[in-house]
Each structure stands twice: as structure tokens, then as C-alpha cells.
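To start, the structure itself, in C-alpha cells.
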Amino acid sequence: MMIQEEIQELKVARKALILAHNYQPGEIQDVADIVGDSLELAVKAAEADEPVLVVCGVRFMAETAKLLSPKKTVLIPAPDAGCPLSDFLTPEMIHDARQKYPGAAVVVYVNSSAEVKAAADITCTSANAAEVVRSLAAETILFGPDANLASFVQKQVPEKRIIPLPPEGHCYVHTAFTEDQIRDAKAKGWRIVCHPECRPPVQSASDLIASTGGMVQHACDCDEWYICTEREMGYRLKKLHPDRHFHVNPDAICKDMKKTTLEDLHRSLRDGIFEVEIPDEIAVPARKAVEAMITSRRREHDRA
Ligand code: 13P
Ligand code: SF4
């Protein structure tokens, strides 16, 4: 039997749901039940009936699923898959900044550790960052750890003051995109979409700035795209729209997203490893911050 078939059999036997981020290797996306952006994975994890969730992605994604589904078993097949962006922000930095800016609200990107979430007021993803910031009463917002996403939010919400925490927080995959690449792609007549983790000049030169889920939603807007994000996004988009063209930078690779293999996923389902556990003293406040985001999203949907 092929490994993909064994994975499906184990999944049924364990009553598990396989969630995969849009940057996961193609063969992982192919066996997953749900493929999506960070927000979609968090929401589906919270809504799922299955008692076991297997999160193919990086650690913060599995931790977010565990926070929203504390009674479920949450497994991460590649336990050492981290996110270098998330390492830029520590709880101590948040505590210090709160002293410096009394009355400011603290918004952290889900690309952060559970400890950092526990020190924040609310989380956001790239799909809802501006919406979350707008929903807060505070006029000053401490926002981390991605300074480029902070700059994007500042443009969307000019009535508030956004302070990036720390000012140098960035993702190495997205900051590698350059204005020259955009110019070349434009010269070819391609439409440009970039992730808000790209640098502000790249954002300004792009036709659209979107989360990976937003890229899926807008894929039909034109036939030929240049996609400024992790290269596996091209696999996802091509699978959904085989008639369209999605050009990617072959060097835009998130090494941590590539740590999950079919063998890891198989082992995870077979042996029930590696279980994500978050101590209560961190999980309780971190859950509050993630649930605040989910509630703010529901309110926004009800209003629409
Ligand atoms: P999305 O929330 O857009 O899926 O992005 C997650 C991420 O890690 C971007 O680098
Ligand atoms: Fe983190 Fe960047 Fe990888 Fe996304 S692409 S998981 S932000 S390192």
C-alpha cells in the first residue's frame, strides 16, 4: 500500500483531521483535509468535530489550534518546525513597552509563541490585522513581531498610532523580494500580489497586498500572476486554477515549512506524536488573546 493510502486509513482509525498551511510541500497539501492560511486553520481547528487534529505547518500554528481546542489532541508531525519571525518578540519586550506606553493595546501576530500571546490583549493574522486594530478602543497600538505588517496596518488604519515591536521584526522569506523583481514582472504584463510581510516599497509597487487566503480568493482576477510569498503558494493556486499562471520565486523557501514529510505525518498518526501541550498559566491568558480575535471576527461578520 502506498504511504498516502496508509495515511488515509490511519486518519480514519484515529478520527483525526489533517490541517495543512498553504506553504506545506505539495504532497502534504494533497493528503490534507483542509489547506488554508493561518486564520482559516485556526477557525477550522476550533470548529472541528474530530478529537485529534494533526497540524502540518509550524509550531505557532499547532499551538494556536491547541489554544482554541484545549480538549482535543493536537499533533505536530515536525516538532522542530519553528518560525524565525516569531523569535523576534519576547514577553519581556511587551512588558517593557506597556510601561513606556500606558494605555496602549497590544496586538500580536499569530506568528508568535504562546508566551507572547499570553502577554498580549489580542492576536491577529495577516488576513484580519487591520480589522482587529480598528476594533480596539485604544489609539496607540503596540504591534509585533512583524514590522512590515505593522506598516501595512498603519496605512490601513491612519487614525491610530501603530508602534512596531520590535522595529526590526521581519520574515527572511518575504523581505528577500525586491522592487527589481516587481519591475521585471510588471514588464512582462503580470499582475503582482505580495504578502504584507514584504517590505513597504515592495508593497507599494504591488497591485494587491493579501494574506495567503486572500491570494486564493483573488486568484481569478487575472490570468497571469507574480506571487510574492513562499513558493509553495504557487502549487496551491495552480491546483485550484490549472488554467491560470502563477509565477513564483523558486528561492522563496521557508525552511521550517519544508520540515514536514509524508513519513513524519504517517508516524504522527500511527504513534500519536508529537503532542502539543501548553501549561495552564500560559494557555489561559494566551487563549483569551486568540479568542478575542475570533470573537472580533464573528462580530465583523454579523455586521456585514
Ligand atoms: P498567512 O496567515 O497569510 O497564511 O501567512 C502565514 C505566514 O507564516 C506568512 O509567512
Ligand atoms: Fe515564519 Fe516566514 Fe516561514 Fe511564515 S514564511 S512561517 S513568517 S519564517
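In a residue-by-residue description of the range 71-81, the property of being touching a residue at least 12 places away in the same chain (Cβ under 8 Å) and within 13 Å of ligand 1 (Cβ to nearest atom) applies to at least one position. Just one of the listed residues (GLU230, GLU224, GLU300) is within 16 Å of ligand 1 (Cβ to nearest atom) and either of a type in the set (D, E, K, R) or surrounded by 21 or more Cβ atoms within 10 Å (Cβ to Cβ) (or both), namely GLU230.
Yes or no: ALA32 within 16 Å of ligand 2 (Cβ to nearest atom) and either in contact with a strand residue (DSSP E or B) (Cβ under 9 Å, 6 or more places away or on another chain) or closer than 23 Å to ASP271 by Cβ (or both)? No. ALA65: in contact (Cβ under 8 Å) with a residue 12 or more places away in the chain, within 16 Å of ligand 2 (Cβ to nearest atom) and more than 25 Å from PRO196 (Cβ to Cβ), yes or no? No, not satisfied. Please determine whether any residue of the range 77-94 is modelled with pLDDT under 95, within 13 Å of ligand 2 (Cβ to nearest atom) and part of a helix (DSSP H, G or I). Within the range 77-94, not a single residue is modelled with pLDDT under 95, within 13 Å of ligand 2 (Cβ to nearest atom) and part of a helix (DSSP H, G or I). The single condition among (1) at pLDDT 95 or above; (2) assigned to a helix (DSSP H, G or I) that ALA46 does not meet is (1).
ALA289 meets the conditions (1) open to solvent by less than 10 Å² (accessible area, probe 1.4 Å); (2) within 16 Å of ligand 1 (Cβ to nearest atom) in every case but one. The failed one is (2). Counting residues in the range 154-168 that are open to solvent by 60 Å² or more (accessible area, probe 1.4 Å) and within 16 Å of ligand 2 (Cβ to nearest atom) gives one or more.
Among the residues making up the range 105-121, a single one is open to solvent by 10 Å² or more (accessible area, probe 1.4 Å) and either touching a Phe, Trp or Tyr at 6+ places or on another chain (Cβ under 6 Å) or β-branched (Val, Ile, Thr) (or both): ASN111. Within the range 184-214, the set of residues being open to solvent by 10 Å² or more (accessible area, probe 1.4 Å), part of a helix (DSSP H, G or I) and of a type in the set (A, V, I, L, M) comprises ALA187, ALA205.
The values are calculated or read from the model by the stated rules, or taken from the named source; none is laboratory data. As the structure is a prediction and not an experimental result, all values here were calculated from the model. No Cβ is skipped: glycine too gets one built from the backbone with ideal geometry, and neighbour counts run over all protein chains shown. Just so you know, the surface numbers come from the protein's heavy atoms only, side chains and all, with ligands and any DNA or RNA stripped out. Shrake-Rupley method; radii C 1.70, N 1.55, O 1.52, S 1.80 Å.
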